[in-house]
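Laboratory data are not the source of any read-out in this text; all were calculated from the coordinates shown. These numbers were taken from a predicted model, which means no experiment stands behind them. For neighbour counting, all protein chains shown are included, and Cβ atoms are generated from backbone atoms with ideal geometry for every residue, glycine included.
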Amino acid sequence: MAQLSDDCFAFGGPLLSVDEAVGIIAAKVTAVQETEAVSLVAADGRILARDVAAPLPLPPFTNSAVDGYAVHAGDLPREKEKAFPVKGRVQAGAAAQAAKPGEAVRIFTGAPMPEGTDTVFMQEDVSLDAKGHVVLPAGLKAGANVRPAGEDIPLGHVALKAGQRLRPQDIALAAAFGLTELDVVRRIRVAVFSTGDELASPGTPRAAAQLFDSNRFMLIAMLRRLGCEVSDLGILRDERDPLATALKRVAGEHDLLLTTGGVSTGEEDHVKAGVESVGRLVLWRMAIKPGRPVAMGIIGGTPFIGLPGNPVASFVTFVHVVRPIVLALSGAAAAPIVAMPVRSAFAYKKKGGRREYVRVTLRKAADGALEAVKFPREGAGLLSSLVETDGLIELGDDITRVEPGQSVGFLSYADLL
Ligand code: AMP
Ligand code: MG
């Protein structure tokens, strides 16, 4: 499953901006090719493998948009109201019947337009006279209240595009076409490990100097939201050889290997040495805070990403490195994350030349504008800072300070995954 070409290592070492890193990733990763047909009820969130062209127009036949009376445009009263005999009645689902000039047909929403008619008066706008004729007012436009065949989607139009992540409305469209299945890219398989002697798995005893492993569960949940099939491979101890062996063992069965922790340059950071002993590795120093180094590599042809251990750094680097790689491997069209402008309620200073993410809660100010309130503390280890906030304010490389009242870009957690 060699999906990451070797020359990405040409870019290793130096400080990379987030955009450079994402650009390199996008250019080097090849999508998995296998596809599968899934039923419409199983298609939500999957990546469409092939364009879908409309096999029939929508709506499939010309029909009435309202409950009312269908007539021929040539008969429309011009200056004053006019009475028409009502000949026939057509409900939704019933076959259309023909109408003669000078006649009106009782019609209901969704019913096919009777041959010889092309305009519908809403029932609210008409009255019935003593003879039971319908009295139609003057002034209606020809073609009013009619939904022509194909007005929504013409026959043959490419309505769904390969690479798009299917949403409920996309699935509705496939159903409207009468399709029962869609061809999607197979789920990519990702192996996830945590690393660190200080970690205990929830459900196992925790020694006094240990903490429960939280990142692994966060990463698994994030990967699943991106449509991955995830292997939870537990915790690796801070020891080079067992770590290397474990990664090597599962490399062939996965499209991506992901670890968290152990990628700094401390003596007990063994991921780098472990990966180098069984594959190739480069440390990317990304110009991003929270972040620190992200390790990228290849083991047995499978891409490897080592995220930092601090939960917030792990979260932020996941969004910027793992997410685009997962999308590229899945054959998904690139989905740049677009920040929404909101008003800052905080002052902030930062270094130029790197991107920073500030954890914030949104609130509505007295004047109705949306305001971003900064989480009061900054540590990259504070899980509460992710749990108690709504999203991240993105501060670009050029920005060195933010003043209250200034417009800033907000990324909602809901949009990141
Ligand atoms: P490291 O990147 O291994 O130096 O870890 C940095 C910090 O993140 C340390 O305080 C670790 O205890 C913490 N950490 C590492 N891995 C995890 C994890 N899986 N869950 C929660 N915290 C972690
Ligand atoms: Mg560690």
Quiz prompt | Net charge contributed by nearby residues that have their C-beta within less than 15 Å of L382 (K/R +1, D/E -1) | solution = +2
Practice problem: May I ask which residue of S231, P205, A221 lies farthest towards the positive end of the charge dipole of segment 179-241, with charges of +1 (Lys, Arg) and -1 (Asp, Glu) on Cβ and the Cα centre as origin? | Solution: A221
Quiz item: Restricting attention to segment 355-401, which trypsin sites (Lys or Arg not before Pro) occupy a DSSP loop and are surrounded by at most 13 other Cβ atoms within 10 Å?
Solution: R377
Quiz prompt | Local electrostatic count, Q97, Cβ distance below 13 Å [Lys/Arg +1, Asp/Glu -1] | solution = +2
Self-check item: nm² value of the averaged projected area, convex hull over the Cα atoms of segment 182-224
Solution: 4.0 nm²
Quiz item: What are the radius of gyration and Dmax of segment 322-417, computed over its Cα atoms and given in Å?
Solution: 14.4, 45
Practice problem: Take the alpha carbon atoms of segment 207-225, find their center, do the same for segment 38-74, and report the distance between the two centers in whole angstrom. | Solution: 44 Å
Quiz prompt | Rg to Rh quotient for segment 241-286, alpha carbon positions, Kirkwood Rh | solution = 0.95
Practice problem: Based on alpha-carbon positions alone, could you give the equivalent ellipsoid semi-axes of segment 242-383 from the gyration tensor, as √(5λ), descending, whole Å? | Solution: 34, 18, 12
Quiz item: Could you list log10 I(q)/I(0) for the chain at q = 0.07 Å⁻¹, which the Debye formula gives when each Cα is one point scatterer?
Solution: -0.52
Quiz item: Can you give the Kirkwood hydrodynamic radius for segment 55-199, in Å, rounded to one decimal and based on Cα pairs?
Solution: 18.3 Å
Quiz item: Counting Lys +1, Arg +1, Asp -1, Glu -1, what net charge surrounds F217 among other residues with beta carbon under 12 Å of its beta carbon?
Solution: 0
Self-check item: Extent along principal axes [Cα atoms of segment 32-102; Å; largest to smallest]
Solution: 67, 25, 19
Exercise. Binning at 5 Å from 0, report for segment 308-368 what percent of all alpha-carbon pair distances ends up in each bin.
Key: 3, 11, 18, 18, 20, 14, 9, 5, 1, 0
Quiz item: Does segment 119-277 come out rounded, prolate or oblate, given a ≥ b ≥ c as the square roots of the eigenvalues of its C-alpha gyration tensor, rounded meaning a/c under 1.5 and, failing that, prolate meaning a/b above b/c?
Solution: prolate
Practice problem: Using only Cα atoms, figure out Rg for segment 157-247 and give it as a multiple of 2.2 N^0.38 Å. | Solution: 1.63
Practice problem: Would you mind classifying segment 184-325 by shape? Square roots of the alpha carbon gyration tensor eigenvalues, ordered a ≥ b ≥ c; an a/c under 1.5 is rounded, otherwise it is prolate if a/b is larger than b/c and oblate if not. | Solution: rounded
